[in-house]
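Taking it in order: structure first as structure tokens, then the write-up.
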Amino acid sequence: MHDASHSPGGTGRLFPDATLPVLAPQAGRTITLDAFRPKSDLVMLMLGADRVPREVVSLLDALTAERTDVEAEDGRVLAVTAADASADWRWPFPLLFDRDGRLHRRVGAVDAAGRPVVTLFTTDRYREIYGAMRPGDRTWPQTARDLIDWLVFANIQCPECNPPESGW
């Protein structure tokens, strides 16, 4: 049985559960993060409260092109914005609304003044955080493959997700 508070590998910190309204592409629904446990690794793209920066646009475009490979690793991409505008959202991934920035604050996706900022998190299927990065960090993924490699790593670390290697 899996301990719900911690999974092997990763940082030991869980990405918190939240229920957020969907702004696009299926506006009017809500998504509860806990619904993805234990089925999917998550790529949580916290977009902050400002316009989506160039590095994030490039990454979203790359993830769209490589969506099949992301999903082959049981990955799901979710974007969370604290901004009101969603009219220019063109990607196939759910855009969720963090109206008061509470989720951004809970995961530390804020600047020194406490304003929501762009931060990318990768988690295993139990929402344990494996990666946390911001644009400009040396670990920021330059390609979709860089991000898929985080998912592969999380899957390798998860004993509940993979059968044990057979002995000789």
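The values are calculated or read from the model by the stated rules, or taken from the named source; none is laboratory data. Because the structure is a prediction, the values reported are computed rather than measured. Note that each Cβ is placed from the backbone with ideal geometry, even for glycine, and that neighbours are counted across all protein chains shown.
Among residues of the stretch 17-45 that are on the phi < 0 side of the Ramachandran plot and in contact (Cβ under 8 Å) with a residue 24 or more places away in the chain, those with a beta-carbon under 6 Å from a residue that is part of a strand (DSSP E or B) and polar (S, T, N, Q) at least six positions away or on a different chain give the pairs Pro21/Thr30; Leu42/Thr123; Val43/Thr122.
Here Pro141 meets each of (1) surrounded by fewer than 22 Cβ atoms within 10 Å (Cβ to Cβ); (2) at pLDDT below 95; (3) within 18 Å of the chain's Cα centre (by Cα); (4) under 17 Å from Leu59 (Cα atoms) with one exception, condition (1). Going residue by residue through the stretch 59-67, is there one that turns out to be within 25 Å of Thr19 (Cα to Cα), crowded, with 19+ Cβ neighbours inside 10 Å and touching a His at 6+ places or on another chain (Cβ under 6 Å)? Checking the stretch 59-67: not a single residue is within 25 Å of Thr19 (Cα to Cα), crowded, with 19+ Cβ neighbours inside 10 Å and touching a His at 6+ places or on another chain (Cβ under 6 Å).
Note on the stretch 27-58: residues that are modelled with pLDDT of 90 or more, closer than 19 Å to Arg90 by Cβ and loosely packed, with under 13 Cβ neighbours inside 10 Å total 2.
Tell me, please, whether a residue that is at pLDDT 95 or above, surrounded by fewer than 17 Cβ atoms within 10 Å (Cβ to Cβ) and within 16 Å of Glu128 (Cβ to Cβ) can be found in the stretch 5-25. Yes, there is a match, as at least one residue in the stretch 5-25 is at pLDDT 95 or above, surrounded by fewer than 17 Cβ atoms within 10 Å (Cβ to Cβ) and within 16 Å of Glu128 (Cβ to Cβ). So Trp150 fits all but one of (1) assigned to a helix (DSSP H, G or I); (2) modelled with pLDDT of 90 or more; what number is the exception? Failing condition for Trp150: (2).
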